[in-house]
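Down below is the structure, laid out as structure tokens.
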Amino acid sequence: NKEHIETYKILDFQSYAQLNTTNLNPNKTTKADWDFYDYMDFWLKKIIIHSVEKDTYKGYKGQVTGRLKKYFTTKKNRKLVKEITAEDLDNFYDHLREDGLCNATIDHYNDNISSAFKHLIKKKIVRYNPTDYINPLTVETKEVSTYNKSEIVNLLNLLKGDIIEIPT
């Protein structure tokens, strides 16, 4: 039936148009067609490694190869880069909260994912960054107390003659 075929093409195009990719050629594969975790691993090992300090990289690596890998390589949560939505990320962040992580830590995951998508946008592989559309993360701030003048004087008097007097 000709009507059925035309309807199918329209629905197929609508599905395709919702994907986050700039590639309109079904015979061409780009990083948007990669498994999301595989791309994050590539971003970590080939892109970000050259632009951050060793300790910073170690933190990124822990996130990408830890909870992010565990979550996005399960059958239920596995997606291609072009299929990742803000809802997928919100679900991941909810999962991290259930694991006991605070929003400040979750914000680091979000920053890394955002950075990975910014690289894809820069290379014109995807059209948008799904982290721009997530539910806002309210990062808890901790109030830090500092010594007042008399407490500093007291501390310095206690340290007189001690090996750590000068560094303090």
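Among the residues of region 73-89, is there at least one that is among the aliphatic types (A, V, I, L, M) and surrounded by fewer than 17 Cβ atoms within 10 Å (Cβ to Cβ)? I'd like the intermediate steps shown before the answer.
Step one: list which residues in region 73-89 are among the aliphatic types (A, V, I, L, M), which gives 80-81, 84, 86, 89.
This time we only want the ones that are surrounded by fewer than 17 Cβ atoms within 10 Å (Cβ to Cβ), so: 86.
Yes.
Look at region 64-88 and say how many of its residues are over 29 Å from L24 (Cβ atoms) and aromatic (F, W, Y).
Count: 1.
Name the pairs whose Cβ atoms lie under 6 Å apart, with the first residue in region 70-91 and farther than 20 Å from T22 by Cβ, the second of a type outside the set (F, W, Y) and surrounded by fewer than 14 Cβ atoms within 10 Å (Cβ to Cβ), and 6 or more positions between them or separate chains?
Pairs found: D90/N135.
Report, by residue number, each residue of region 58-70 that is open to solvent by 40 Å² or more (accessible area, probe 1.4 Å) and of a type outside the set (G, A, S).
K58, Y60, K61, T65, R67, K69, K70
Could we say that D94 is within 24 Å of W43 (Cα to Cα), loosely packed, with under 13 Cβ neighbours inside 10 Å and under 15 Å from the mean Cα position of the chain (by Cα) here? Working first, answer last.
Values: within 24 Å of W43 (Cα to Cα): yes; loosely packed, with under 13 Cβ neighbours inside 10 Å: yes; under 15 Å from the mean Cα position of the chain (by Cα): yes.
Yes, satisfied.
Out of all the residues in region 27-57, which are among the aliphatic types (A, V, I, L, M), open to solvent by 30 Å² or more (accessible area, probe 1.4 Å) and in a helix (DSSP H, G or I)? Reasoning before the result, please.
Kept after step one, since they are among the aliphatic types (A, V, I, L, M), are these residues of region 27-57: 32, 40, 44, 47-49, 52.
Within this subset, residues satisfying the condition of being open to solvent by 30 Å² or more (accessible area, probe 1.4 Å) are 47, 49, 52.
Result: I47, I49.
Only residues that are touching a residue at least 24 places away in the same chain (Cβ under 8 Å), among the β-branched types (V, I, T) and under 21 Å from K124 (Cβ atoms): list them for region 29-66, please.
T30, I47, I48 - these are the residues of region 29-66 that are touching a residue at least 24 places away in the same chain (Cβ under 8 Å), among the β-branched types (V, I, T) and under 21 Å from K124 (Cβ atoms).
Conditions tested, residue by residue: (1) modelled with pLDDT of 95 or more; (2) of a type outside the set (G, A, S).
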{"position": "N23", "(1), (2)": "no, yes"}
{"position": "P26", "(1), (2)": "no, yes"}
{"position": "K54", "(1), (2)": "no, yes"}
{"position": "G59", "(1), (2)": "no, no"}
{"position": "N77", "(1), (2)": "yes, yes"}
{"position": "A86", "(1), (2)": "yes, no"}
{"position": "L89", "(1), (2)": "yes, yes"}
{"position": "R97", "(1), (2)": "yes, yes"}
{"position": "H119", "(1), (2)": "yes, yes"}
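If you take the residues of region 124-153 that are in contact (Cβ under 8 Å) with a residue 60 or more places away in the chain and open to solvent by 80 Å² or more (accessible area, probe 1.4 Å), which of them is farthest from N91 (Cα to Cα)?
Just the residues of region 124-153 that are in contact (Cβ under 8 Å) with a residue 60 or more places away in the chain, to begin with: 124-128, 130.
Going one step further and asking which of them are open to solvent by 80 Å² or more (accessible area, probe 1.4 Å), we end up with 124, 127.
On the way: K124: 26, R127: 22 Å.
Top of the filtered list is K124.
The values are calculated or read from the model by the stated rules, or taken from the named source; none is laboratory data. These numbers come from a predicted model, not from an experiment. Reconstructed Cβ throughout: ideal geometry from the backbone, glycine too, with neighbour counts over all protein chains shown. Accessible surface areas use protein heavy atoms only, side chains included; no ligands, DNA or RNA. Shrake-Rupley method; radii C 1.70, N 1.55, O 1.52, S 1.80 Å.
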